[in-house]
Amino acid sequence: MSSANWYKYSSPATFYSLAGRMIPWFYAAAAVLSVIGLYIGFVLAPTDFQQGESYRIIFIHVPASWMSMFIYVVMAVWAAFGLAFNTRLSFMMMSALAPTGAMLTFVALWTGALWGKPTWGAWWVWDARLTSELILFFLYIGFMALQAAIDDPRRADRAGALIALVGVINVPIIYFSVRWWNTLHQGASVSVNKAPSMATIMLTGMLVMAFAVWMYAIAAALSRARSIILERERNSQWVAQLLESKE
Amino acid sequence: MKSRHKKLLLIAVVVLALGAVAALVLNAFQSNLVFFFSPTQVANGEAPMERAFRIGGLVEDGSLRREPDGVTAHFRITDTAKTIPVTYKGLLPDLFKEGKGVVAEGRMNTGGVFVAEQVLAKHDENYMPPEAASALEQAQKAQQTLVAPK
């Protein structure tokens, strides 16, 4: 595989049409997996031995939390690529991911509050896990606010990339917070160095939902990237041709 | 080395340096990031006795006693090494149970009893159907009776 091929796909014009063809498939996969995942989670999975039915929010809470952290890491990788190789598309992908990441962080915090009240007895506590996830939410909001505040797209990209790179340090802190400190939040049920501490059917539902959220995040980010491309390349020839062909 | 690879390396170094800074700062703040103290830490005087703090551990089996007024509860929090008596006036969370995790926030009174203002249940990361849980419990009991005669 020559490097020339990769540069072809990093051209916004090529990427625009490629993404357009891929988006419906990702949305379809997200829809199908959500239906399967929710069916497993809310119909097939049994009641939990200590939490009863309230544990079922895990099928939304954990996939949203995982993706909220993962998207930030992906943003940081795009930021690093953008700064190193000066590719416009890297920065566009970085900006396109932020709103989805912010939304999933909000979902994680919100479902966490709904879960915390019936189980712990509190909507919110200032323990290390919850606080660091809240900081992640502020990082997403800060990233979007900063990018929106700077008119010159190139400067906005660089400023945003800086937040993405500096903020990525928060992600391992969120992930390991339950191990490093005493927290009210329980430890991880699924991790690489031990067997999952969940019944198989519950685990299956959670993983299917995680893939569903993943597919949705890709579809949403690609759609948003297409809008950003059109906006930024509005004076280019290929966009003019595209508009002509649509008329 | 190409200039863009140099740049990538520089970014990696900066991120690693920031990570090291974050690790050092967090290490320095370690004690403030602790959500609760264990009964052993409290017994060793590591908890701030002069102000409100949280104790976390298990509700000791057989220690829960409710007063006739229906809202005051007495129980002991244990980490199996040390035990702290707690008194609490208010509604206990649904998952509050003997032998299960708990985090209580309040102050130590002069008599060595922890007067809680808030009691939170701390559950673990295990999820399974009730049948599996009772099967597990029976297996553990069977194992204990096998070991006990020695």
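Being surrounded by fewer than 20 Cβ atoms within 10 Å (Cβ to Cβ) and of a type in the set (S, T, Y) is the requirement here; does A:S54 meet it? Here the answer is yes, as A:S54 does meet what is asked.
Just so you know, in the stretch B:110-133 the residues that are charged (D, E, K, R) and more than 7 Å from chain A (Cβ to nearest Cβ) include one that is farthest from the chain's Cα centre (by Cα), and it is B:E131.
Can A:I229 be described as crowded, with 20+ Cβ neighbours inside 10 Å and farther than 22 Å from A:D48 by Cβ? Please lay out each step first, then the result.
On the way: crowded, with 20+ Cβ neighbours inside 10 Å: yes; farther than 22 Å from A:D48 by Cβ: yes.
Criteria met by A:I229.
Working carefully through the options A:S90, A:S68, find the one that is under 30 Å from B:P129 (Cα atoms) and in a helix (DSSP H, G or I). Going through A:S90, A:S68 in turn, the sole match is A:S68.
Does any residue of the stretch B:78-100 turn out to be within 25 Å of A:D127 (Cα to Cα), modelled with pLDDT under 90, surrounded by 17 or more Cβ atoms within 10 Å (Cβ to Cβ) and more than 16 Å from the chain's Cα centre (by Cα)? So far as the stretch B:78-100 goes, yes, one or more of its residues are within 25 Å of A:D127 (Cα to Cα), modelled with pLDDT under 90, surrounded by 17 or more Cβ atoms within 10 Å (Cβ to Cβ) and more than 16 Å from the chain's Cα centre (by Cα). Only a single criterion out of (1) under 17 Å from A:P63 (Cβ atoms); (2) free of Cβ contacts under 8 Å to residues at least 24 places away in the same chain is not satisfied by A:F138, namely (1). Elements of the type strands (runs of 3 or more DSSP E) sitting completely within the stretch B:67-150 and holding at least 1 residues that are among the basic types (K, R), in contact (Cβ under 8 Å) with a residue 60 or more places away in the chain and under 24 Å from A:S197 (Cβ atoms): these cover B:114-122.
Per-residue answers, yes or no, for (1) at the interface with chain B (Cβ under 9 Å from one of its Cβ atoms); (2) more than 25 Å from A:S197 (Cβ to Cβ); (3) of a type in the set (F, W, Y):
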site	(1), (2), (3)
A:H61	no, no, no
A:W78	no, yes, yes
A:R88	no, yes, no
A:L97	no, yes, no
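Restricting attention to the stretch B:5-62, the residues being more than 8 Å from every other protein chain (Cβ to nearest Cβ) and of a type in the set (S, T, Y) number 2. When the stretch B:118-132 is filtered for residues that are loosely packed, with under 15 Cβ neighbours inside 10 Å and under 17 Å from B:V59 (Cβ atoms), only B:D124 remains. Scanning the stretch A:84-111 for residues that are surrounded by 22 or more Cβ atoms within 10 Å (Cβ to Cβ) and closer than 19 Å to A:V178 by Cα yields A:T105, A:A108. Output yes when any residue across the stretch B:56-71 is among the aliphatic types (A, V, I, L, M), exposed (fewer than 15 other Cβ atoms within 10 Å of the Cβ) and not assigned by TED's automatic domain parsing to the domain that holds B:V103, and no when none is. The answer is no; no qualifying residue exists. A:L38 fulfils the conditions (1) farther than 24 Å from A:I173 by Cα; (2) more than 12 Å from every other protein chain (Cβ to nearest Cβ); (3) surrounded by fewer than 17 Cβ atoms within 10 Å (Cβ to Cβ) except for a single criterion, (3).
The values are calculated or read from the model by the stated rules, or taken from the named source; none is laboratory data. For clarity, every value in this text was computed on a predicted model and none was experimentally measured. Don't worry about glycine lacking a Cβ; one is built from the backbone with ideal geometry, like all the others, and counts go over all protein chains shown.
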